[in-house]
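What follows is a single structure, written as structure tokens, with notes after it.
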């Protein structure tokens, strides 16, 4: 991508999108297009069509999505499938209609089967049942991958899907019910520290293993992939094949830890001195979710941020955004 190329980042206020924006600016890209939800509802087909016709972006990072943790996925399944399908369908279709040079569609590791062999390879997609607690969201993301593949094969587009592992970092969502595990635990331990609580309760048994990646590393990987020379980028797209390997690339760190170990690490970062209680009546989700990232490593990219360092930075961001003791409604 040329530094003055017209680049549209869909979902630029979110955890993923804001990391992409920072990384693009830091690398010298100076022609970035953004729109807030109030300015452009990506679920509105007519509005998206008008936007693309006016702006004519050359590159698109599709980071806009409705996201959330286990509770949110269980509570709002209809919204998770409808909104995500609408957003990605509109953006991918208009990218084709307006001759976007390259598009990067960001998904989630939950696309892989619940009992997927570990670590998870890209070719394991659609080889088994999904995790029920986030199936609507996962199916929407799978549809987005298939849509990229279909347009590549039929129209010769250059649309690549990437599946980041669990992300955390600046700008994360710390809502008490709808956040992912790391921001939820940061908030819980922070509030417990402020209130001098004796304990913090964590959902599940603490035994599932998860992989976590600092959002700034994820953004760097995405931009690295979008800048691959054609000789490396084109074979990823599946334009001339239907052999079971979609235009899909895992993005992760290649190592994991238990939720118990994660909770202990966050407890220490926040400075909470009480007890951690695990509520085994709450769902655990899959036993393990670890990405196989050999293909990405072979292309010359690896994550740079250690988990403990990234959590320190995430907590600093949390404290800067919520400097008072009151977090009501956040």
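For segment 74-108, enumerate the residues that are touching a strand residue (DSSP E or B) at 6+ places or on another chain (Cβ under 7 Å) and at pLDDT 95 or above. Give the derivation first.
We begin by selecting, within segment 74-108, every residue touching a strand residue (DSSP E or B) at 6+ places or on another chain (Cβ under 7 Å); these are 88, 91-92, 95, 100-108.
Listed by number, the residues that qualify are 88, 91, 92, 95, 100, 101, 102, 103, 104, 105, 106.
For the structure I just gave you, tell me whether residue 134 is crowded, with 22+ Cβ neighbours inside 10 Å and more than 30 Å from residue 276 (Cβ to Cβ).
Numbers: crowded, with 22+ Cβ neighbours inside 10 Å: yes; more than 30 Å from residue 276 (Cβ to Cβ): no.
No.
Quick one: which helices (runs of 4 or more DSSP H) sit completely within segment 11-108 and have at least 1 residues that are under 18 Å from the mean Cα position of the chain (by Cα)?
Working: elements: 15-26, 45-55, 70-75, 77-97.
Filter on segment 11-108 gives 15-26, 70-75, 77-97.
Return yes or no: is residue 126 surrounded by fewer than 20 Cβ atoms within 10 Å (Cβ to Cβ) and in a helix (DSSP H, G or I)? Quick ask: steps written out before the conclusion?
Details: surrounded by fewer than 20 Cβ atoms within 10 Å (Cβ to Cβ): yes; in a helix (DSSP H, G or I): no.
No: the conditions fail for residue 126.
Would you call residue 143 under 18 Å from the mean Cα position of the chain (by Cα), part of a helix (DSSP H, G or I), within 26 Å of residue 252 (Cα to Cα) and at pLDDT 95 or above?
Yes.
Here's the yes/no breakdown for (1) on the phi > 0 side of the Ramachandran plot; (2) in contact with a helix residue (DSSP H, G or I) (Cβ under 9 Å, 6 or more places away or on another chain):
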site	(1), (2)
206	yes, yes
210	no, yes
213	no, yes
217	no, yes
220	no, yes
227	no, yes
230	no, no
234	no, no
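The values are calculated or read from the model by the stated rules, or taken from the named source; none is laboratory data. Here the structure is a predicted model, which means the values were calculated and not measured. Cβ coordinates were reconstructed from backbone atoms using ideal geometry, including for glycine residues, and neighbour counts include every protein chain displayed.
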